[in-house]
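Read the structure below first, then the notes.
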Amino acid sequence: MNRARKQPPEPRADHAPAAGSAAPHRAAAREAPAEPAVSEETKHLLELVDQMLLIRAFEERCVELYSSGTIRGFIHLYIGEEAVAVGVNAALSPDDAVVSTYREHGHALARGVPVDAVMAEMFGKATGCSHGRGGSMHLFDVQRRFYGGNAIVGGGLPIAAGLALADRMTGRSRVTCCFFGDGAVAEGEFHETANLAALWDLPLLLVCENNLYAMGTPLEHEHAQTDLAMRAASYGMPAWAVDGMDAVAVERAARRAVDGILAGNGPHFLEMRTYRFRAHSMYDPDRYRDKAEIERWRERDPIPLLAGRLPAGAADLQEMRERAAAAVDRAVAAAEAAPVEPVEDLYRFVSHEGS
Amino acid sequence: MTASAPAPVSGPEKTSFREELRAAMREALLADDRVFLMGEDVGKYGGAFGVSLGLVEEFGPERIRDTPLSESGFVGAGIGAAVAGLRPIVEIMTVNFSLLALDQILNNAATLLHMSGGQVSVPVVIRMTTGAGRQLAAQHSHSLEGWYAGIPGIRVLSPGTLQDARHMLAPALADPDPVVIFEHGSLYNATGPAEPRPESFDIVSAAVRRSGHDVSLISHGGSLPKVLAAAEALAAEGVSAEVLDLRSLRPLDGAAIAASVARTHRAVVVDEGWRTGGLAAEISARIAELAFYDLDAQVERVCGAEVPVPYPKHLEDAAIPQVPDIVAAARRAVG
Ligand SMILES: Cc1ncc(C[n+]2csc(CCOP(=O)(O)OP(=O)(O)O)c2C)c(N)n1
Ligand SMILES: [Mg+2]
């Protein structure tokens, strides 16, 4: 198998793990290979900042489009959590598969699903990445091995195990990465999947985005044991918590996990400690969170956090932001101009017969 | 535990479907301390659709109990608590997620009484939101009332009016068997004047919501406002449509269905669920069994299109029954 996995830039000393980024419960990872040039590292970090800016600009525009009634349905914003998507994606190769949730704009964009196709999907247009059938919660791009936006909490997990099982049974050396929330860890589907994956040594990367809330319910009302990594470890897989606001820490952890998976050590679980800056969805009045808590987390906004690590003068953040906004402008214009699926095609894609 | 007398619950002049559901729960919680509510975010958040807003402040977190995202677990726990003599109201955010609890509902709630030879009663009430119409796409738009209505051992209710939103809960809680109540998402904001509980109120009879003599429009729940609008439009064309609100989907009020068809000789069945093997199919069969010789035209069905509900408005609209579809079907029936 031709693996085009990018080599990680060696983290600099000031990228040392943040407090709370625990050691693996079962050491299994190989160390990352060494030392590309510093300029390569800077380029790489710039790329991550660029991706986060695009996701941020995309979602901020979605809020406006929702307010004006152009986009409807449920929208779950990822604002604040971008470091997880871009950091994990940086550790994946194009061969690897991704399974996601309804909060998946960031996962899709980081994966390289074109911003035009994602925006068109938000508009419900025929040029959308799911032909407009899915909307915000159901972004798909199988060509990029992006197996969707799933709106049933926990619903993507068993599917991800199946993708990984297929790779294992056919001897393909690649990884399936599944994103899910802290709330999903309470679902039976999480526990069934964790057990299956560990039992069968599946090449599965479980990425729990622990943003401390499942809709309005705080983590400690959701779980008797709130150390989620420890619970995953009890299934016999390496599992550890990571500072999910720090894209570099996320990438490093994901690389370590991917290396472990590819070395044949079975599934790995990463608990990404993160936070959503916005309400659960556009319907949510967000009455359950303390404003001061939100402000504290905003101080660790992953974009300035990473940008602040670039060497002085390496980036013009304002210019990068404008470039992201321009890309989103073009996507909106294209989506506005795009056709809708004709009503006569309502029954298309129900089965292959009708497609 | 003892049941205390309900404090008077005074409703405002104008009320909403959501407020009426809440008032019903409040009354039940006041009347009987065996009653409690549990589900995801039913406490401080007030439920996904705001139905239980304020109840945790009044009744506390023991009786307004937030659950983790564990549908099979907490629905099963509701069943167990009912077996042990409590009167749980279990809220599942939507019917789509109830599929994770379907094993508990079908294999336990609906089955324990029979399997135990009559020893184990399950007086649980399970409420859930159903239906499409808000562009929430395939996994949030199912109408599976017809599936549930096929399960022996449970009662299935579908309130479509403010009055039913307000008054169905008490008799449901009094039922010694499991009751599933479907609340259509498009109805929560429906408003109107609060009405007192009628003298004769039950949860078994269908109700004629509009009298007519040319055609019977038979429906329930979230489709009811559309059917009433269609009847209005038909009246303008000189077609007199009777609107029969099923209210109870299991058991079905076959006598009321037959009586309506005997008056009008034509029937249009409207249900948002899928057509094949769905609720409308069952009602059509009942009509064929109970009122065959009264029919002057073939039975018409207006159902959800057999697709997972798509996101864009024009396709979603095309996928679920709309007023013009109902009017057209009635015209075909009347010929
Ligand atoms: C099985 C199921 N139950 C309930 C819901 C409604 N719901 C959607 S998201 C959500 C909270 C999920 O929290 P978490 O897993 O932490 O993910 P987050 O939204 O925080 O990213 C709930 C209750 C659902 N979509 N699916
Ligand atoms: Mg969460």
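At a glance:
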| read-out | value |
| --- | --- |
| Equivalent ellipsoid, region B:1-147 (semi-axes from 5 times Cα gyration tensor eigenvalues, Å) | 24, 22, 13 |
| Dipole of region A:158-291, positive direction: furthest Cα of A:LEU204, A:GLY216, A:TYR275, with charges on the beta-carbon | A:LEU204 |
| Span-rule helices in chain A, defined as complete DSSP H runs reaching 24 Å or more along the axis (Cα) with Kyte mean at least 0.0 | A:38-67 |
| Average other protein chain Cβ within 10 Å of Cβ, residues B:64-70 | 6 |
| Charged-residue dipole, Cβ positions (Lys, Arg, Asp, Glu), region B:84-232 about Cα centre, Debye nearest 20 | 180 |
| Shielding by other protein chains, B:45-51, mean Cβ within 10 Å | 3 |
| MRE, 222 nm, helices only [DSSP H, n ≥ 4, -39500 (n - 2.57), over chain A, to nearest 500] | -12500 deg cm²/dmol |
| With DNA, RNA and ligands ignored, accessible area of B:THR191 (1.4 Å probe; Å², nearest 10) | 80 |
| Within chain A, longest stretch clear of exposed GluC sites (Glu not before Pro) (DSSP loop, no more than 13 other Cβ within 10 Å) | A:32-298 |
| Region B:274-335 - Rg and Dmax from Cα coordinates, angstrom | 13.6, 43 |
| Residue-averaged beta-carbon neighbours from other chains (10 angstrom radius) around A:147-154 | 4 |
| Max mean-square fluctuation residue, GNM over chain A, Cα-Cα springs under 10 Å, options A:TYR102, A:TYR147, A:TYR66 | A:TYR66 |
| Relative contact order (%) - chain B, alpha-carbon pairs under 8 angstrom, separation at least six | 15 |
| Alpha carbon convex hull of chain A, volume per residue in cubic angstrom | 142 |
| Listed residues B:ARG22, A:ARG296, A:ARG103 arranged by accessible area, highest first, probe 1.4 Å | A:ARG296, B:ARG22, A:ARG103 |
| Rounded tilt (10° steps) of B:224-236 against the dominant C-alpha axis of chain B | 20 |
| For region B:181-335, size of Cβ-based charge dipole, Lys and Arg +1, Asp and Glu -1, in debye | 80 |
| Using alpha-carbon coordinates, inclination of helix B:279-290 to the longest axis of chain B, degrees | 60 |
| Debye-sum result for region A:66-172 in log10 I(q)/I(0), which assumes one identical scatterer on each alpha carbon, at q = 0.15, 0.16, 0.21, 0.23 Å⁻¹ | -0.62, -0.70, -1.14, -1.31 |
| In nm, spacing of pseudo-spin labels at A:TRP200 and A:ALA333 (7 Å Cα→C-beta vector) | 4.8 |
| Heavy atoms of A:SER173: accessible area, 1.4 Å probe, square angstrom to 10 | 50 |
| Computed Kirkwood radius, in angstrom, where 1/r is averaged over Cα pairs of the protein assembly as shown | 27.0 |
| Of every Cα-Cα pair in region A:33-116, the percent that sits beyond 15 Å | 62 |
| Cα-based convex hull, region B:269-308, per residue volume (Å³, whole number) | 55 |
| Reduced Cα scattering model of chain B, Debye log10 I(q)/I(0), q = 0.06, 0.11 Å⁻¹ | -0.20, -0.69 |
| Electrostatic dipole magnitude of the protein assembly as shown [Cβ: Lys, Arg +1; Asp, Glu -1; Cα centre; debye, to 20] | 520 |
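The values are calculated or read from the model by the stated rules, or taken from the named source; none is laboratory data. Since this is a predicted model, take the numbers as computed values, not measurements. Glycine also receives a Cβ, built like all others from the backbone with ideal geometry; neighbour counts cover every protein chain displayed. Side chains included, ligands, DNA and RNA excluded: accessible areas come from the protein's heavy atoms. Shrake-Rupley method; radii C 1.70, N 1.55, O 1.52, S 1.80 Å.
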